[in-house]
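Derivation of every value follows stated rules applied to the coordinates shown; laboratory data play no part. Every value quoted in this text rests on a predicted model; they were computed, and no experiment measured them. Here Cβ is always computed from backbone atoms with ideal geometry, including for glycine, and neighbour counts include all displayed protein chains.
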Amino acid sequence: MKVIGIIFKYLSVAVVLTIFVGPMIWVGINSLKPTPELLGTPSFLPKKVTFEHYKHLFNRIAFLRYYRNSFIVGVVTATVTAVAGAFAAYSIFRCKYPGRGFLYRFFISSYVFPKVLVLVPLYIMFSKIGIIDTPLALVAAHVMLIAPFSVWILRAFFQNVPVEIEEAALIDGAGRVQTIFKIFIPLAAPGIAAIWINAFLMSWSEYLFASTLVISDSTKTLPVGMAYFLQEYAIEWGIMMAGSVLIAIPPIIGFAFAGKYFVQGLTAGGIKE
């Protein structure tokens with residue numbers, strides 16, 4: 001029975017890897033196939049390896065500019081979300097004032113409504129303050145969409161910090177801001193890492209707000225720029241797959257270095273009370 005259990009465990013791992021890693025490998029292989037072979041009879045390995053799709057990707061659109069825009073917006077969004085989430089979580093879970101329970105439920109209930117409902121009001125508001133077609137508009141919109149989830153993730157970490165540590169810091173003369181940065185953020189590092197990675201990935205792949213709030217080619221992000229190859233009567237699969245391979249690099253690198261903190265943060269935020 002022990003042998004059967006081990007075999008079942010490894011088979012389960014193989015199935016999961018096939019489901020989640022298989023498509024990524026398939027996209028990478030297909031990005032190296034010539035267009036006639038890509039659209040012809042399916043085959044696993046390319047009969048002829050070519051980099052023409054990558055060449056067309058850089059020649060036909062400003063791919064590096066879109067890449068830079070997405071990276072900047074993603075990093076700024078993630079950093080602002082992490083800091084804002086930490087301050088909001090400290091306010092709700094450590095400070096005592098009337099209505100903080102309602103405020104927490106209000107944050108979470110924001111995910112009940114489709115995000116498209118706030119698109120038009122946001123567009124009107126951003127137009128009046130003059131930030132439409134700027135990275136600032138995207139950062140503000142993405143932070144608004146992601147921040148409530150960050151507060152939920154940090155709930156377990158902030159609630160489990162001993163009150164004595166906080167009181168000792170306050171007695172020693174530390175202010176509220178110093179307490180957050182010197183005590184709560186270090187102790188909640190896995191949670192902070194989790195919300196940072198989540199915010200970056202959400203911003204990196206977001207299309208709806210990016211396609212509405214930015215207009216000029218110089219401010220477009222990757223999801224909007226890659227839509228150029230989704231034409232009315234045809235989809236340029238080779239270039240789309242080449243772009244997908246390059247777009248996947250930052251998330252893969254991020255998870256390789258900080259994936260354990262992301263899993264730890266999500267697990268702690270979900271089961272601890």
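Here are the numbers for this structure:
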item	result
Computed [θ] at 222 nm, deg cm²/dmol, the chain (DSSP H ≥ 4; -39,500 (n - 2.57); rounded to nearest 500)	-22500 deg cm²/dmol
Check: the chain dipole with +1 on Lys, Arg Cβ and -1 on Asp, Glu Cβ, in debye	280
Modelled FRET efficiency - R0 30 Å, I131 with F87, Cβ distances, 0.05 increments	0.85
Global form of the chain, assessed from the alpha-carbon gyration tensor, a/c cut-off 1.5	oblate
Loop chymotrypsin sites (Phe, Trp or Tyr not before Pro), region 63-156, which have at most 11 other Cβ atoms in a 10 Å radius of their Cβ (DSSP)	none
Positive minus negative residues near T221 (Lys, Arg vs Asp, Glu; Cβ under 15 Å)	0
Backbone HN-Hα couplings from phi across region 206-215 [Karplus 6.51/-1.76/1.60, Hz, Gly and Pro as x]	6, 10, 4, 5, 5, 7, 9, 8, 10, 10
Whole-number D in µm²/s for region 169-248 (Stokes-Einstein; Kirkwood sum over Cα pairs; 20 °C, 1.002 mPa s)	132
Karplus 3J(HN,Hα) series, Hz, for region 162-170 with 6.51 cos²θ - 1.76 cosθ + 1.60 (x for Gly, Pro)	x, 4, 4, 5, 5, 5, 5, 5, 5
Length added when fully stretched, T35-K55, from 0.36 nm per residue minus Cα-Cα	5.9 nm
In degrees, nearest ten, helix 249-271 long axis to first principal axis of the chain (Cα)	40
³J(HN,Hα), Karplus 6.51/-1.76/1.60, whole Hz, each residue of region 97-102, x for Gly, Pro	7, x, x, 5, x, 5
Listed residue pairs exceeding 25 Å between alpha carbons, taken from K55/K220; K128/K220; K48/K220	K48/K220
Net lengthening on full extension, R105/L11 (0.36 nm per residue, minus Cα-Cα)	29.7 nm
Summed residue charge, Cβ within 13 Å of F87's Cβ, Lys/Arg positive, Asp/Glu negative	+2
Percent RCO, i.e. relative contact order, over region 57-272, from Cα pairs under 8 Å lying at least 6 residues apart	35
Within-12-Å neighbourhood charge of F107 [Cβ basis; K, R +1; D, E -1]	+3
Dipole of region 25-110, positive direction: furthest Cα of G40, A82, T50, with charges on the beta-carbon	A82
